[in-house]
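Here's the structure we're looking at; comments come further down.
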Amino acid sequence: MSKETFMIEEIAKEIVLLLMKEHHVDMREALRLLYTSDTYARLIDLKTGLYTQSTAYVYEYLEKELATGKLS
C-alpha cells in the first residue's frame, strides 16, 4: 500500500465516523454519503493534493457539499 493510499483511507475512515456521529446515520449511509460525493472524488485524485490536508479540512468540504449540493 502506498503512502498516499494509506492517507486517503485514514481520512475516509475518520470522515465516516464523523458522519455517523454528527448526522446520526449508520455506517452504510455514511459510506454512501462519502463515496458518492465530489469531495471523495477529489480526495482520491492525487493531483488535487486534498489527501494531504487534515480530516477536519476535508470534512468541511464534504459538509458544505452536503448542505449546498456543490463544492465552493
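Throughout, read-outs are computed from the coordinates displayed, never taken from laboratory work. On a predicted model such as this, the values are computed, not experimentally measured, just so you know. Backbone-built Cβ (ideal geometry, glycine too); neighbour counts: all protein chains shown.
List of remarks:
- Karplus 3J(HN,Hα) series, Hz, for region 65-70 with 6.51 cos²θ - 1.76 cosθ + 1.60 (x for Gly, Pro): 4, 5, 6, 10, x, 8
- For region 3-67, the fraction of C-alpha pairs farther apart than 18 angstrom is 25 percent.
- For the chain: relative contact order, % (alpha-carbon pairs under 8 angstrom, 6 or more apart): 28 percent
- Mean Cβ neighbour count within 10 Å, used as a protection proxy, ranking 13-24, 30-41 highest first: 30-41, 13-24
- With K and R counted +1 and D and E -1, the other residues having a Cβ less than 12 Å from that of Asp38 yield a net charge of +1.
- Computed [θ] at 222 nm, helices only, for the chain once each DSSP H run of length n ≥ 4 contributes -39500 (n - 2.57): -22500 deg cm²/dmol
- Lys pairs, the chain - Cα-Cα below 25 angstrom, 8 or more residues apart or on other chains: 10
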